[in-house]
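Heads up: the structure comes next, in structure tokens.
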Amino acid sequence: MSEGVEWALHSCVNLAWSGPDRAVSAARLAAWHDLPAAYLNKQLQALARAGILTSSPGPRGGFRLARPLAAVSLMDVVAAVEGPEEAFRCAEIRRQGPGAGEPAPGGADAADCAIAHAMTRAELAWRKALAAQNLDEIRQQAERQAPEAPRRLRAWLAAQ
């Protein structure tokens, strides 16, 4: 998983802390964590295409949450940034080279590969766990760990 997922998740929480009436530019969100603005902007645009954020152009424009954090799962963010493709792709190397085995009777395919099967099960469990947790739960945990964080962010944004 790319670092863009982490950046996107933090940005969503930071946008919640900034308040519903404030649009925050990609540059400002990036500056808060000393990230490259152009790369973060790509992640934010992906979140906007997925309907997680809205964006508005112009000098007072920027990004806002499109829906409440409770309505956004971790999987929503991962899929927006990384795309819907499976993390593991079986290339069927067991059918190549001197180690190539004979196809099983009955025309077995890649789904019958023990490794592909195990990886598919693991990915399904991972996706279900991400889908079961929403960003509001993450926000609440972050606030328990750093109760001053929302106030500090709002003050920093207001000072600019």
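Taken over the stretch 77-86, the criterion of being open to solvent by 40 Å² or more (accessible area, probe 1.4 Å) and either touching a residue at least 40 places away in the same chain (Cβ under 8 Å) or of a type in the set (S, T, N, Q) (or both) is satisfied by 82 alone. In the stretch 97-124, the residue that is farthest from residue 74 (Cα to Cα) out of those that are loosely packed, with under 10 Cβ neighbours inside 10 Å and at pLDDT 75 or above is 98.
On the stretch given as the stretch 125-160, residues that are assigned to a helix (DSSP H, G or I), touching a strand residue (DSSP E or B) at 6+ places or on another chain (Cβ under 9 Å) and either modelled with pLDDT of 95 or more or among the charged types (D, E, K, R) (or both) total 3.
Inside the stretch 125-160, can you point out the residues that are open to solvent by less than 40 Å² (accessible area, probe 1.4 Å), among the small types (Gly, Ala, Ser) and within 18 Å of the chain's Cα centre (by Cα)? 142 - this is the single residue of the stretch 125-160 that is open to solvent by less than 40 Å² (accessible area, probe 1.4 Å), among the small types (Gly, Ala, Ser) and within 18 Å of the chain's Cα centre (by Cα). Only one of the listed residues (49, 22, 28) is touching a residue at least 24 places away in the same chain (Cβ under 8 Å), open to solvent by 60 Å² or more (accessible area, probe 1.4 Å) and within 27 Å of residue 148 (Cβ to Cβ). That residue is 22. Residues of the stretch 57-72 that are open to solvent by less than 80 Å² (accessible area, probe 1.4 Å), assigned to a loop (DSSP other than H, G, I, E, B) and over 13 Å from residue 19 (Cα atoms): 58, 61, 72. Can you find a residue in the stretch 87-95 that is under 16 Å from the mean Cα position of the chain (by Cα) and of a type outside the set (Lys, Arg)? Checked the stretch 87-95: at least one residue is under 16 Å from the mean Cα position of the chain (by Cα) and of a type outside the set (Lys, Arg).
The values are calculated or read from the model by the stated rules, or taken from the named source; none is laboratory data. From a predicted model like this one, the values you see are computed outputs, not experimental measurements. Counting neighbours? That spans all protein chains shown, and the Cβs are built from the backbone with ideal geometry, glycine included. The area values use the complete protein model at the heavy-atom level, side chains included, leaving out ligands, DNA and RNA. Shrake-Rupley method; radii C 1.70, N 1.55, O 1.52, S 1.80 Å.
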